[in-house]
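Participant: Dropping the structure in here first, questions after.
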Amino acid sequence: MSEELPAVRLTDPRALRAYAHPTRMALVGLLRLHGPLTATRAAELLGTESVASCSFHLRQLAKYGLVEEAGGGRGREKPWRATAAFTSWDASPADPEQAAATEALQRAVLDGYFARATNWLLHRGADAPEWREAASFGDSAVLVTAAELTELTSRIEELTRPYTERLGRPGPPPAGARAVQLIQLAVPTDTPAGSAP
């Protein structure tokens, strides 16, 4: 059994709201994928933010333990690194303020998923044929209990673990490997009894 990849768990509503910013989520993703980056290099990779904006957002992320200085450099040329391979939070906290912040973060995450998928669709014609064939969209309706859905999610995570662990390993990735976002959505398709339509 492989060891668990490090994760940071957000419980403070302020941290949840801070992470819900699309630029901040993108910066954490870049740091996890590319290793330590300066604000200058992060701005180049994002292509939509200035160096000053990236520097500001990296400092905000550091306040909540999502990134840290990697050592070396000065000012906007100091490198930053992600503190963990994954970010998690309670799916349904009892505290109303935390619940509202969690909902905002989950919506921001979902918006980011679809923005990245749409961006790839818009540019897929320029991608190699094998990648156009390998990329996939689809869904499966399954009839499960809550316990079975939890088990299914665990099994999917175990199946993908060898590939997610590559992100934290030193050395070059396998020849031809690219970063791919494997999106997992497992949500009921009916409306709970007693809720508004």
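Participant: Can you tell me which residue among A117, A108 is surrounded by 12 or more Cβ atoms within 10 Å (Cβ to Cβ) and either closer than 18 Å to Y64 by Cβ or touching a His at 6+ places or on another chain (Cβ under 9 Å) (or both)? Walk me through it before giving the result.
Facilitator: Working: A117 fails: either closer than 18 Å to Y64 by Cβ or touching a His at 6+ places or on another chain (Cβ under 9 Å) (or both).
Answer to the check: A108.
Participant: Considering only the stretch 30-148, give the strands (runs of 3 or more DSSP E) lying wholly within it that have at least 2 residues that are more than 17 Å from I183 (Cβ to Cβ) and either in contact with a strand residue (DSSP E or B) (Cβ under 6 Å, 6 or more places away or on another chain) or modelled with pLDDT of 90 or more (or both). Explain how you work it out, then say what you get.
Facilitator: Details: elements: 67-69, 80-82, 86-89.
Filter on the stretch 30-148 gives 67-69, 80-82.
Participant: Okay, moving on. For residues in the stretch 162-185 being within 17 Å of the chain's Cα centre (by Cα) and over 23 Å from Q106 (Cβ atoms), which is surrounded by the fewest Cβ atoms within 10 Å (Cβ to Cβ)?
Facilitator: First, pick out the residues of the stretch 162-185 that are within 17 Å of the chain's Cα centre (by Cα): 163-168, 178-185.
Applying the additional criterion that residues be over 23 Å from Q106 (Cβ atoms) yields 163, 165-166, 168, 178.
On the way: Y163: 11, E165: 14, R166: 12, G168: 13, R178: 9.
Of everything passing the filter in the stretch 162-185, R178 is surrounded by the fewest Cβ atoms within 10 Å (Cβ to Cβ).
Participant: Tally up the residues in the stretch 149-176 that are within 25 Å of R32 (Cα to Cα) and either in a helix (DSSP H, G or I) or among the hydroxyl-bearing types (S, T, Y) (or both), please. It would help to see each step written out before you state the result.
Facilitator: Looking only at the stretch 149-176, we keep the residues that are within 25 Å of R32 (Cα to Cα), and these are 153-176.
Next, from what is left, pick out any that are either in a helix (DSSP H, G or I) or among the hydroxyl-bearing types (S, T, Y) (or both): 153-168.
Adding up the residues that qualify gives 16.
Participant: From the set of residues in the stretch 167-197 that are among the charged types (D, E, K, R) and modelled with pLDDT under 85, which is nearest to E133 (Cα to Cα)? If you could, list the steps in order and put the result at the bottom.
Facilitator: Residues of the stretch 167-197 that are among the charged types (D, E, K, R), as a first pass: 169, 178, 190.
Retained after the next criterion (residues that are modelled with pLDDT under 85): 169, 190.
Values: R169: 28, D190: 32 Å.
Going through the qualifying residues, I end up with R169.
Participant: Which of the residues belonging to the stretch 12-33 are touching a helix residue (DSSP H, G or I) at 6+ places or on another chain (Cβ under 7 Å), under 30 Å from L159 (Cβ atoms) and free of Cβ contacts under 8 Å to residues at least 60 places away in the same chain?
Facilitator: R24, L27, V28, L30
Participant: Scan R9, R81, R41 and give me the residue that is open to solvent by 70 Å² or more (accessible area, probe 1.4 Å) and either in contact (Cβ under 8 Å) with a residue 60 or more places away in the chain or under 19 Å from Q184 (Cα atoms) (or both).
Facilitator: It is R9.
Participant: Could you tell me which numbered condition R155 fails, if it satisfies all but one of (1) closer than 24 Å to M25 by Cβ; (2) open to solvent by 90 Å² or more (accessible area, probe 1.4 Å); (3) under 21 Å from the mean Cα position of the chain (by Cα)?
Facilitator: The single condition R155 does not satisfy is (1).
The values are calculated or read from the model by the stated rules, or taken from the named source; none is laboratory data. This structure is a prediction, so every number in the text was calculated from the model and none was measured. Glycine also receives a Cβ, built like all others from the backbone with ideal geometry; neighbour counts cover every protein chain displayed. Side chains included, ligands, DNA and RNA excluded: accessible areas come from the protein's heavy atoms. Shrake-Rupley method; radii C 1.70, N 1.55, O 1.52, S 1.80 Å.
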